[in-house]
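The structure appears right after this line, and notes come after that.
The values are calculated or read from the model by the stated rules, or taken from the named source; none is laboratory data. Fair warning: this is a prediction, and the values are worked out from it, not measured in the lab. FYI the Cβ positions are ideal-geometry reconstructions off the backbone, even for glycines, and counts take in every protein chain you see.
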Amino acid sequence: MSGLLKHVPNLLTGMRLACAPALAMLLASGDDRAALGIFAFAGLSDAADGFLAKRFNLATTFGRFLDPAADKLLMLASFVTLAVLHAAPVWLAALVIARDVAIVAGILLARILELPIRIEPLAIGKISTAVQIGYIGFILVILSFGFDWPMLTKFAVYFAAAATIASWLGYGGLLLRALGARHSRIA
């Protein structure tokens, strides 16, 4: 049993990977409630695989790579599809995607330049991701149940944007400090 149990977190993460295209297809076909259900399942599976991996020491190197990849793919599919359907502003989707691209580019730059930097999520990054997830969930609820909350929706857009920008600045500051430390060592 324990041999099988060690694969459960990665299996859940793999299922979450499959949720991204499923969510996009359901939204595109107008099945908003099913898309909301898929999104909720993805969130629950993320919590379950994280709990199992930590609680029972089932974390794997593959899982450490696969888990954030599944999260990013779900976010990418959600934001792009919602923007294409005009349920979310295109500029917000672009901001979220640009932030993630900038973080990956920063990590690659840090590796190439051998910067003294620990690659791990910052608290502001986790907050930003939570806000983005909350935003997507909120929009899916609005779509699913036909709510008309323009002021609340506008607030949610700007709150998600502010959290994303704050996160981007946090990671950018980390990279700049590492570049400064490298420059100090060389000089």
Flag if S128 is modelled with pLDDT of 95 or more and farther than 18 Å from P21 by Cα: yes
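Please go through region 134-152 and pick out each residue that is exposed (fewer than 14 other Cβ atoms within 10 Å of the Cβ) and either closer than 11 Å to A40 by Cβ or of a type in the set (F, W, Y) (or both).
Narrowing region 134-152 to residues exposed (fewer than 14 other Cβ atoms within 10 Å of the Cβ): 145-152.
Within region 134-152, F145, F147, W149 meet the criteria.
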Which one of these does L58 not meet: (1) outside any loop (DSSP other than H, G, I, E, B); (2) farther than 26 Å from A161 by Cβ; (3) assigned by TED's automatic domain parsing to the domain that holds R16? (1)
Out of everything in region 102-123 that is closer than 12 Å to A178 by Cβ and surrounded by 15 or more Cβ atoms within 10 Å (Cβ to Cβ), what residue ends up being modelled with the lowest pLDDT? I117
Going by the structure shown, is F79 at pLDDT 95 or above, of a type in the set (F, W, Y) and either surrounded by 15 or more Cβ atoms within 10 Å (Cβ to Cβ) or more than 30 Å from A34 (Cβ to Cβ) (or both)? yes
A28 vs (1) under 15 Å from the mean Cα position of the chain (by Cα); (2) closer than 30 Å to I142 by Cα: all pass except (1)
In the set A160, A87, which member is assigned to a loop (DSSP other than H, G, I, E, B), closer than 22 Å to A28 by Cβ and at pLDDT 95 or above? A87
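Filter region 61-70 down to the residues that are of a type outside the set (D, E) and either assigned to a loop (DSSP other than H, G, I, E, B) or surrounded by 18 or more Cβ atoms within 10 Å (Cβ to Cβ) (or both) and list them by number. Steps first, please.
To start, the set of residues in region 61-70 that are of a type outside the set (D, E) comprises 61-66, 68-70.
If the condition is that a residue be of a type outside the set (D, E) and either assigned to a loop (DSSP other than H, G, I, E, B) or surrounded by 18 or more Cβ atoms within 10 Å (Cβ to Cβ) (or both), then G63, L66, A70 are the ones that fit.
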Would you mind finding the one in A53, A34, A48 that is in contact with a helix residue (DSSP H, G or I) (Cβ under 6 Å, 6 or more places away or on another chain), part of a helix (DSSP H, G or I), within 25 Å of V131 (Cβ to Cβ) and at pLDDT below 90? A53
Residues located in region 5-59, provided they are hydroxyl-bearing (S, T, Y) and either touching a residue at least 12 places away in the same chain (Cβ under 8 Å) or farther than 21 Å from F147 by Cβ (or both): T13, S45
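Working only within region 1-14, note down all residues that are surrounded by 15 or more Cβ atoms within 10 Å (Cβ to Cβ) and of a type in the set (A, V, I, L, M, F, W, C). Working first, answer last.
At the first step, the residues of region 1-14 found to be surrounded by 15 or more Cβ atoms within 10 Å (Cβ to Cβ) are 6, 8-10, 12-14.
Correct list: V8, L12.
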